[in-house]
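Please read the structure below before turning to the comments.
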Amino acid sequence: MIYFVFLVLAGIFQGFMVSLNGQLGNYYSLFGICFFVHMIAAVFLFLYIIIKEKKPISFRGVPKYVYTVGFMGVAMVATSSWCTLHIGATAMLSLSVIGQMLSAAIIDHYGWFNASKRAFRLKQLPCYLLVLIGVLVVVYG
Amino acid sequence: MIFYIVAIANGFLNTVNKMVNVKAGQCLGTPRGALINYIEATVISFCLVYIVGKGSEFRFEYIKGVPLLFYLGSICGLIAMIFLIIGTKNTGAMTSTVLMLFGQLGTAIALDYVFFGSFRPVQILGIFLILVGIYWKEKVRQKDLRQAILGRNEEETK
């Protein structure tokens, strides 16, 4: 039961994160928001690794495409803050769910990023439609 | 309309980013995998702020003038990550997806009310439909997975 509470709490904190980052947009440019969001997290994580793990930090030995995560991080925070400011956190998160479901289905279907291949089946379609209806109700309701 | 398209694109990027982060975590360990993301993004966004001519945002007086609460978004993100890792390890992908979305969307409704003063009760119905849709999809996926494993086992025994 406690783990269910943890998961709901994870969602609550993520909701706070999206909303607060959106509010920073009233003061900073999109890239300014990205800077503060990532810089503060980097400092805390750096301290955690230094204090808890007590091992030197090295980023060697990863595939080259892993180094694109920073660009993706900037793009994600910038777009989510921009959209939250204009359409609100609820609509932004609901629409993002649709994007996540579609991209996950495509990645599974083609087996990209070494994911095990799982073909899209038509019987999954009603589930996607139900989510789509839910998103439309949230955005236009 | 552009905001809706960009929000969907954000979801696409989110999944790809997750896959790449998982790979980084496998190679470097979860904390270092996340740190590479944060450090790179900090440097890139710092450069971009100056490129677009908004360097004045980094003046100390200006930074001090912004309410402290709004800087706490990234700390919320870190706390969420810890809860998510512990929760997912002990429950499973389906439960974690549905419960996390429930918390996320519920909070978004509450904060939209606080910051924008907007609340439409029909949004709760929308969120309920989204959660049922996700739960259903995960159920179908798990059933398929189970059948695939059973089929493989049967082939091996033959």
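The values are calculated or read from the model by the stated rules, or taken from the named source; none is laboratory data. All values reported here derive from a predicted model rather than from experimental measurement. A quick note on method: Cβ atoms are made from the backbone with ideal geometry, for glycine too, and the neighbour counts reach across all protein chains shown.
For region B:26-43, a residue qualifies if it is crowded, with 19+ Cβ neighbours inside 10 Å and of a type outside the set (Phe, Trp, Tyr), and the qualifying residues are B:LEU28, B:ARG32, B:GLY33, B:ALA34, B:LEU35, B:ILE36, B:ASN37, B:ILE39, B:GLU40, B:ALA41, B:THR42.
Results for (1) facing chain B (nearest Cβ under 7 Å); (2) more than 18 Å from B:THR15 (Cα to Cα); (3) free of Cβ contacts under 8 Å to residues at least 60 places away in the same chain, shown as yes or no for each residue.
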{"position": "A:ARG60", "(1), (2), (3)": "no, yes, yes"}
{"position": "A:TYR65", "(1), (2), (3)": "yes, no, yes"}
{"position": "A:VAL77", "(1), (2), (3)": "no, no, yes"}
{"position": "A:SER80", "(1), (2), (3)": "yes, no, no"}
{"position": "A:SER116", "(1), (2), (3)": "no, no, yes"}
{"position": "A:GLY134", "(1), (2), (3)": "yes, yes, yes"}
{"position": "A:GLY141", "(1), (2), (3)": "yes, yes, yes"}
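Within region A:1-56, restricting attention to residues that are β-branched (Val, Ile, Thr) and surrounded by 15 or more Cβ atoms within 10 Å (Cβ to Cβ), the residue that is nearest to the chain's Cα centre (by Cα) is A:VAL18. Within region B:102-113, residues that are on the phi > 0 side of the Ramachandran plot and assigned by TED's automatic domain parsing to the domain that holds B:ILE130 have Cβ atoms under 9 Å from residues that are of a type in the set (Val, Ile, Thr) and crowded, with 23+ Cβ neighbours inside 10 Å in no pair, counting only partners at least 6 apart in sequence or on another chain.
Residues in region A:103-114 that are facing another protein chain (nearest Cβ under 7 Å) and either among the β-branched types (Val, Ile, Thr) or within 30 Å of B:ILE124 (Cα to Cα) (or both): A:SER103, A:ALA104, A:ILE107.
Filter region A:29-58 for residues that are hydrophobic (A, V, I, L, M, F, W, C), at the interface with another protein chain (Cβ under 7 Å from one of its Cβ atoms) and closer than 27 Å to B:LEU111 by Cβ and give the result. Step through it out loud before you land on a result.
Here is the first cut: in region A:29-58, the ones hydrophobic (A, V, I, L, M, F, W, C) are A:30-31, A:33-37, A:39-47, A:49-51, A:57.
Imposing the further condition that a residue be at the interface with another protein chain (Cβ under 7 Å from one of its Cβ atoms) reduces the set to A:31, A:34-37, A:39-42, A:44-46, A:49, A:57.
Residues satisfying the conditions are A:PHE31, A:CYS34, A:PHE35, A:PHE36, A:VAL37, A:MET39, A:ILE40, A:ALA41, A:ALA42, A:PHE44, A:LEU45.
Restricting attention to region B:115-139 and to residues that are more than 7 Å from chain A (Cβ to nearest Cβ) and out of contact with any helix residue (DSSP H, G or I) (no Cβ under 8 Å at 6 or more places or on another chain), the residue that is nearest to A:ASN26 (Cα to Cα) turns out to be B:GLY117. Considering (1) within 7 Å of chain B (Cβ to nearest Cβ); (2) closer than 30 Å to B:GLY55 by Cα; (3) not in a helix (DSSP H, G or I), the lone condition that A:ASN26 does not fulfil carries the number (1). Looking across region B:90-101, just one residue is facing chain A (nearest Cβ under 7 Å) and touching a residue at least 24 places away in the same chain (Cβ under 8 Å), and that is B:LEU101.
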